[in-house]
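J.: Dumping the structure here so I can ask a few things about it.
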Amino acid sequence: MHTKKDMQKTLRIGLMLYAVLMTIGGTAVLGIIIGLVPSEQLKHAINLMLAMGGLFYGTAIIALIIRAKFTKKQQEVGGNDHE
């Protein structure tokens, strides 16, 4: 049973770590793009920036939603064991 709890804890930590790293990575990539692309050409790179932001921040949000649902489910299951 400890193996299952360890696996669940590892999954929760992994999802949180993924979300944090994707947020940092997305911010870094967008900052680099904004810094390297001349200001008059930024409006042409907006589609690229939206796609990159959607990829990085979107997957981070999905990971946090999965983590929240998983944690809530585990609390409900754990609460029923004590009754």
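Read-outs throughout are calculated quantities, based only on the coordinates presented, and are distinct from any laboratory measurement. Worth saying up front: this structure is predicted, and the values here are computed from it rather than measured. Every residue, glycine as well, gets a Cβ built from its backbone with ideal geometry; the counts of neighbours run over all protein chains shown.
J.: What FRET efficiency would be calculated for the residue pair Ile32, Thr59, taking the C-beta separation as r and a Förster radius of 25 Å, to the nearest 0.05?
T.: Rounded to the nearest 0.05, the efficiency is 0.85.
J.: For helix 46-81, report the angle its Cα long axis makes with the longest principal axis of the Cα atoms of the chain; keep it between 0 and 90° and round to the nearest 10°.
T.: 10
J.: Projecting each Cα onto the charge dipole of the chain (Lys/Arg +1, Asp/Glu -1 at the beta carbon, about the Cα centre), which of Val37, Thr27, Thr3 comes out farthest on the positive side?
T.: Projecting each Cα onto the dipole axis, the largest value belongs to Thr3.
J.: Here is a follow-up. Any idea what the alpha-carbon Rg over 2.2 N^0.38 Å comes to for the chain?
T.: For the chain, the normalised Cα radius of gyration comes out at 1.58.
J.: I would also like to ask the following. Can you give the angle from 0 to 90° between the axis of helix 2-36 and the longest principal axis of the chain, with both taken from C-alpha atoms, to the nearest 10?
T.: The two axes meet at around 10 degrees.
J.: If you don't mind, another one. Can you give the relative contact order of the chain as a percent, counting alpha carbon pairs under 8 Å and 6+ residues apart?
T.: Values: 34 pairs, mean separation 37.9, N = 83.
The normalised contact order for the chain reaches 46 percent.
J.: Listed highest first by mean packing, meaning other Cβ atoms within 10 Å per residue, what order do 25-36, 51-62 come in?
T.: Descending mean neighbour count gives 51-62, 25-36.
J.: Separate question: Quick one: dipole size for the chain, taken about the Cα centre, charges +1 on Lys/Arg Cβ and -1 on Asp/Glu Cβ, in debye to the nearest 20.
T.: Approximately 140 debye in magnitude.
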